[in-house]
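To keep things clear, I will list the structure first and then write my remarks on it.
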Amino acid sequence: MSLLQRVESEFENHIKIASASTSLSGDILQAARLCSQALKNNNKVIFCGNGGSASDSQHLCAELIGRLKKNRVPLAAVSLTADTAALTCIGNDFGYEQVFSRQLEGIGKEGDILISISTSGQSANIINALETAEKLKIKSIAFLGKGGGSALKICTQSILVPSNNTGNIQEMHILIGHIVCGLIENLLDLE
């Protein structure tokens, strides 16, 4: 396969995954409704993820605090991946598997929403965050791939990308995240 064919193949594969992901439309709308209801009730949306998913967490948090499409009031959102002092303190003193759950215990409250982003659904810190959310009566949304892993069984609402390819899953997660943020703006009818 030539390099040009490889590039074309990557686009074709992306289009296939995106087309298959339209089956997630109901799950995506439900996730947006959960977030909108929480925000209407003066609660917040809390994001977490590892690696590229950590970047997606910060990116989507910024879409809510800033804006996606409309000039509007800022929405209450926080990314548990953004505070390096908290991450390194908790990782060092309690273990990396607690970096999200410990923060969630400190700032989360019933009525908030946790959005965890994980290509595999297997990371211990994601599982612990979802279990902590359940304990605190915080509804959770999991953006997943690769069959969903253990996270699939714990979250309130899953959005499971039908792929085993990490890059394609990440591409769909950011697209889905943008759709969710846009729907939140529409559902809240913000100006």
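Percent of Cα pairs in region 103-191 per distance bin of 5 Å, from zero to the largest separation: 3, 15, 23, 21, 19, 13, 5, 1. Excluding same-chain neighbours fewer than eight residues apart, the lysines reachable from Lys146 by a Cα-Cα span under 16 Å are Lys16. Close amide H pairs (under 5 Å, H built 1.01 Å from N) link Ala77 with Val45, residues at least 5 positions away or on another chain. Computed extension gain for Glu8 through Glu105, at 0.36 nm per residue and net of the alpha carbon distance, reaches 30.3 nm. For the chain, excluding the exposed loop sites themselves (trypsin sites (Lys or Arg not before Pro), DSSP loop, at most 13 other Cβ atoms within 10 Å), the longest remaining stretch covers 1-68. Among the GluC sites (Glu not before Pro) found in region 41-144, those both in a DSSP coil and sparsely packed, with 16 or fewer other Cβ atoms within 10 Å of their Cβ, are Glu110.
Remark: the Thr166-Ala124 segment gains 13.3 nm on full extension, using 0.36 nm per residue and subtracting the alpha carbon distance. Highest mean packing comes first when the peptides 52-59, 116-123 are listed by Cβ atoms within 10 Å, giving 116-123, 52-59.
Here the Kirkwood formula, the inverse mean of 1/r across different C-alpha pairs, assigns region 15-186 a hydrodynamic radius of 15.7 Å.
Computed from the C-beta positions of Lys16 and Leu152 and an R0 of 25 Å, the FRET efficiency is 0.65 to the nearest 0.05. When only alpha carbons are used to place a centre, region 1-48 and region 67-146 end up 19 Å from one another. Taking the chain as a Gaussian network of alpha-carbon nodes connected by springs under 10 Å, the highest mean-square fluctuation of the residues Val161, Val180, Val73 belongs to Val73. Using C-alpha pairs below 8 Å separated by at least 6 residues, the relative contact order for region 15-186 is 26 percent.
How many percent of the alpha carbon pairs in region 81-144 exceed a separation of 15 Å? The calculated P(r) of region 81-144 puts 48 percent of pairs beyond 15 Å.
Values in this text are rule-based calculations from the coordinates and carry no lab data. Everything quoted here is computed from the prediction, not taken from an experiment. Here the Cβ is made from the backbone with ideal geometry for all residues, glycine too, and neighbour counts use every protein chain on show.
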